[in-house]
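This report concerns only the one structure given below.
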Number of protein chains: 2
Amino acid sequence: MNYSVIVEVALREGIADPEGATIERALPALGFTGVTNVRAGKAFRFEVEAADEAAALEKATAMAERLLSNPVIENATARSAAPG
Amino acid sequence: MNYSVIVEVALREGIADPEGATIERALPALGFTGVTNVRAGKAFRFEVEAADEAAALEKATAMAERLLSNPVIENATARSAAPG
């Protein structure tokens, strides 16, 4: 069966995030105040063929660590999405 | 109060996604088979100061549409994250 998975890749705590900092600086000029701690990351969606949801998430986590993220500076988390 | 929000920005259906296609082609060489329909997008995490969670998500959605995404080719969805 096919399972829909989302992998979110985010910079680890303490790693500088210039993209997030730039967004944060731009917000007040657009009228958005009270927004702090902006961190920019990546999100990947895909379908995994697996026997069950746990196997699908395990495969997605392995993929996230080998190909989708740089584990030295990034955290990757896989979760299942609504099928579609 | 501060609410933790995640905004996910993904290319709309039908928009070509060369990054996702490249990932998909690379997977079999790494031993990952049965993975299809890979779509690459962005994820932003931040804290929003708002009266309640609904107001925080509304502000995040407005931000996502004005600054974080290009609504012509991308969909943005905001959801709340575990506070942290």
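The values are calculated or read from the model by the stated rules, or taken from the named source; none is laboratory data. Predicted model only: the values in this text are computed from it and were never measured. Counting neighbours? That spans all protein chains shown, and the Cβs are built from the backbone with ideal geometry, glycine included. Ligands, DNA and RNA are stripped out before the accessible areas are found, and what is left, the full protein with its side chains, is counted by its heavy atoms. Shrake-Rupley method; radii C 1.70, N 1.55, O 1.52, S 1.80 Å.
Miscellaneous remarks
- Relative contact order (%) - criterion: Cα under 8 Å, at least six apart; region: chain A: 50
- Translational D in µm²/s for the stretch B:2-80 (Stokes-Einstein at 37 °C, 0.692 mPa s, Kirkwood Rh from C-alpha pairs): 234
- For the set A:LYS42, B:LYS59, the ranking by accessible area, highest first and with no ligand, DNA or RNA atoms included, is A:LYS42, B:LYS59 under a 1.4 Å probe.
- Added length on full extension, which subtracts the Cα-Cα distance from 0.36 nm per residue, B:GLU49 to B:ASN70: 5.1 nm
- In straight-distance terms, cross-link reach from B:LYS59 covers every one of the lysines whose alpha-carbon lies under 28 Å from its own, apart from those fewer than eight places away in the same chain; here that gives A:LYS42, B:LYS42.
- Where rotation carries A onto B, the chain A residue whose Cβ is nearest that axis, in whole Å: A:ALA43, 2
- Each copy carries A:SER80; placing its label point 7 Å along the C-beta direction from Cα gives inter-copy distances of 2.5 nm, listed from smallest up.
- Summed over both chains, the area buried between B and A is near 2900 Å², taken from the accessible surface of protein heavy atoms with a 1.4 Å probe.
- The residues of the protein assembly as shown present an accessible area of 54 Å² per residue when probed at 1.4 Å with all protein chains retained.
- Label geometry 7 Å along the beta-carbon vector: A:GLY14 inter-copy distances in nm: 4.8
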